[in-house]
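Everything below concerns the one structure shown next.
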Amino acid sequence: METNNNEMERRYAETFQSVSEGALLAGKIVAIKQNAIIVDIGYKSEGYIRIAEFTEEELKTLKPGSALEVYVENMRDSEGVIRLSKERASKIKTWDILEKSLEEGSEVEGRIIEKIKGGLSVDLGGVKAFLPGSQIDTKIIKDLDSLIGLKLSFRILKINNKRSNVIVSRRAIIEEERALKKVETITKLKEGAVITGAVKNIIDYGVFVDLGGIDGLLHISDISWGRITHPSEFFAVGDEIEVMVLKYDAEKERVTLGYKQKNPDPWLDIEEKYPAGKHITGKVVSITDYGAFMELEEGLEGLVHISEIDWLPRPKHPSKYLSIGETVEAIVLKVDKNERKLSLSLKQLKPSPWELISQRYQPGQKISGKVKSITDFGVFVGLPEGIDGLIHISDLSWVKHVKHPSELVKKGQKIEAVILSIDSANEKIALGLKQLEQDPWIEVIPSTFKLGDEVMGKVLRITDFGIFIEMEGGVEGLIYSSEIVPHSGGEGEEPIKEGDEIKAGIIKIDLEERKIGLSMKHVNPVRDSSLNGIKRTVE
C-alpha cells in the first residue's frame with residue numbers, strides 16, 4: 001500500500017509550511033548511513049529514520065533521491081535532530097485505506113502470519129487484523145498451519161473507533177466467488193453433460209463434488225460398473241474429476257452425478273466378448289476366503305472360486321496361490337449377464353489329476369501314500385498326483401471289529417493299500433487295506449476254527465450284548481451275554497475286565513456274516529457232524 005511517487009513529489013514541494021510533530025509528509029532520501037536513512041522533508045533541517053524500520057529487501061531498492069512517505073515523531077530529539085518514521089507513516093496510510101475499503105466493501109490484500117486463539121492473524125500492510133475461524137473458509141480447515149505465509153484477499157468486517165482492532169473475512173470473498181461461479185455452472189447442468197469438478201468430501205455412500213458454486217452427489221453405485229467397497233478406493237479429497245450429469249433438480253438445487261456412465265456398460269456384450277471356454281488374462285484385485293476376484297478390464301471383474309484354483313480336494317486359502325496385483329491367466333467357465341457374474345477357473349488350464357489317475361492306475365493295483373486325515377468313516381491317503389483316496393472303515397481289517405480307524409493307522413503314517421475302484425466322473429477313488437491279504441474267512445478261518453473247539457482269547461471290549469475277545473490270528477469272537485460265566489476267586493466271583501485271558505467254546509461259525517459265537521458255559525460241546533463242524537446260517 002505505497003503512495004504514488006509523483007504524488008509524493010507534489011506533496012514534498014508543499015511541506016515547508018506544514019512541518020510539525022504528528023504530520024504525515026513526503027520526503028526525499030539524502031543519504032543512507034549505517035544506522036539511519038537521512039531524509040529531506042523541505043524544512044530548514046533534515047530528519048532521520050532508524051535503519052531497523054527497513055527490511056533487507058527494501059534497503060536494496062533505496063538510493064539518494066528516492067521518495068518516501070514519513071511521519072514526524074519528534075521535531076527535536078536528544079541530539080536536536082528531527083526523528084521520522086516510515087512504519088508509522090505506512091500504518092496511518094494503511095488505516096485510511098482500510099477504512100475506505102470498509103466503507104466501499106472492496107477487498108484488501110494481506111498475508112497470514114500466525115495462528116492465534118480463535119483464528120488467524122493477518123498482516124494488512126503493517127496493520128494486524130484478526131481472521132476468525134468461522135471466516136476462514138466455507139468449509140472447515142483442519143490444518144491451519146498450512147495457511148501461514150499465504151497472501152490472500154480479504155473483506156473488512158469491522159474497524160473499531162480507536163483504530164486498534166480490525167476484523168477481516170476470507171469466507172465472504174469465497175462465497176461471492178462461488179455465487180458468481182454458480183450462475184455460470186447452472187447453465188451447464190444439462191442431463192448427459194460431462195463437466196469437471198473437484199472432490200470436496202468422501203463418505204461411505206458416495207462423493208460430493210464441487211462443480212463450481214454448487215455441489216453434486218456421485219453415489220457409490222454410479223462410480224464403477226464393477227465391484228466397489230468404498231469410494232476412497234477411487235478418489236481422494238481434492239482430486240479433479242470428470243463427471244456426467246445424470247439429473248438436475250433446479251428447484252431443490254440437487255445434482256446427481258455419474259462417473260461410470262462416461263464409458264459403456266461392459267456387461268452389455270459380455271456373452272459375445274467372454275464366452276465360456278475363452279482364455280483370458282486379468283489382474284488379481286481382491287482375495288477372500290472363498291476365492292479371488294480378477295479384473296479383466298475397467299469395471300469388469302470375474303470370480304475364481306476356491307474350488308477352481310487347484311485340483312486338490314481340499315485346496316489351501318486363495319492367498320497361498322495368488323497375490324493382489326498379480327497378472328494371471330484363466331479360463332471362462334460361465335457368464336451370467338442378468339446376475340452380472342463371471343465365473344473363472346485357473347485349474348482348468350492344467351491337466352486334471354483324474355485324467356492321470358485313469359491312465360496310471362487300475363483296480364487291484366497296489367499303491368503307497370501317507371495318511372492325510374482320519375475320520376469316523378475312514379482314512380484319506382494322499383497319492384503323488386495330489387488327490388486323496390479313501391479307505392473305508394469296513395476295508396481296514398478282515399477280522400477286527402474296528403470302532404475308529406485311528407485304532408489301526410496314524411496321521412502321517414506311510415501305508416500300502418489296494419485300489420478297489422476309480423470313479424473319475426465323481427472324482428473318487430476307493431482303496432482297501434485289508435485287501436493286501438487273502439480273505440481269511442475263505443480258507444484260513446474254516447480250517448482253523450471248528451464248532452466245539454476250546455479257544456483262549458484276550459478280552460477286547462465288554463458290551464451289553466456280550467464280550468468280544470481276540471483269538472488266534474487276531475480273529476475276533478463274541479461271547480454272548482447269556483453264555484458268560486464270571487471268574488471264580490478266593491472270595492467269590494470276580495467281574496471280567498478288558499485285558500483278561502479267558503477260555504470259551506465255539507458254538508457258532510457264520511461265514512456269510514463273518515461272525516464266530518462263543519460260550520463260557522460249554523467248553524466241550526458235541527460237534528455237529530452233519531454240518532462238518534461249520535454253521536453257514538445264523539442259528
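The values are calculated or read from the model by the stated rules, or taken from the named source; none is laboratory data. Since this is a predicted model, take the numbers as computed values, not measurements. Note that we place each Cβ from the backbone using ideal geometry, even for glycine, and neighbour counts take in every protein chain shown.
Of the residues Ile173, Ile167, only one is assigned to a helix (DSSP H, G or I) and in contact with a strand residue (DSSP E or B) (Cβ under 8 Å, 6 or more places away or on another chain); which? Going through Ile173, Ile167 in turn, just one is assigned to a helix (DSSP H, G or I) and in contact with a strand residue (DSSP E or B) (Cβ under 8 Å, 6 or more places away or on another chain): Ile173.
Before we move on, is Gly80 buried (at least 18 other Cβ atoms within 10 Å of the Cβ) and modelled with pLDDT under 85? No: the conditions fail for Gly80. Could you please find all residues in the stretch 184-195 being over 16 Å from Asp249 (Cβ atoms) and surrounded by 12 or more Cβ atoms within 10 Å (Cβ to Cβ)? Result: Val194, Ile195. Does Lys128 meet the test of being in contact with a strand residue (DSSP E or B) (Cβ under 9 Å, 6 or more places away or on another chain), charged (D, E, K, R) and loosely packed, with under 15 Cβ neighbours inside 10 Å? For Lys128, the condition - in contact with a strand residue (DSSP E or B) (Cβ under 9 Å, 6 or more places away or on another chain), charged (D, E, K, R) and loosely packed, with under 15 Cβ neighbours inside 10 Å - is not met.
Scanning the stretch 404-437 for residues that are in contact (Cβ under 8 Å) with a residue 12 or more places away in the chain and in a loop (DSSP other than H, G, I, E, B) yields a count of 11. Ile496 meets all of the listed conditions (1) in a loop (DSSP other than H, G, I, E, B); (2) more than 26 Å from Glu407 (Cα to Cα); (3) at pLDDT below 90 but one, namely (2).
The set of residues in the stretch 86-111 that are under 51 Å from the mean Cα position of the chain (by Cα) and buried (at least 18 other Cβ atoms within 10 Å of the Cβ) comprises Val108, Gly110. Has the stretch 96-107 got at least one residue that is touching a residue at least 60 places away in the same chain (Cβ under 8 Å), under 30 Å from Asn201 (Cα atoms) and outside any helix (DSSP H, G or I)? Yes: the stretch 96-107 contains one or more residues that are touching a residue at least 60 places away in the same chain (Cβ under 8 Å), under 30 Å from Asn201 (Cα atoms) and outside any helix (DSSP H, G or I). Look at (1) part of a loop (DSSP other than H, G, I, E, B); (2) touching a residue at least 12 places away in the same chain (Cβ under 8 Å); (3) not hydroxyl-bearing (Ser, Thr, Tyr) and you find that Val332 fails only one, number (1).
Does the stretch 319-339 contain any residue that is among the β-branched types (Val, Ile, Thr), on the phi < 0 side of the Ramachandran plot and surrounded by fewer than 15 Cβ atoms within 10 Å (Cβ to Cβ)? Taking every residue of the stretch 319-339 in turn, at least one turns out to be among the β-branched types (Val, Ile, Thr), on the phi < 0 side of the Ramachandran plot and surrounded by fewer than 15 Cβ atoms within 10 Å (Cβ to Cβ). Here Pro440 meets each of (1) part of a strand (DSSP E or B); (2) more than 15 Å from Leu518 (Cβ to Cβ); (3) of a type outside the set (A, V, I, L, M, F, W, C) with one exception, condition (1).
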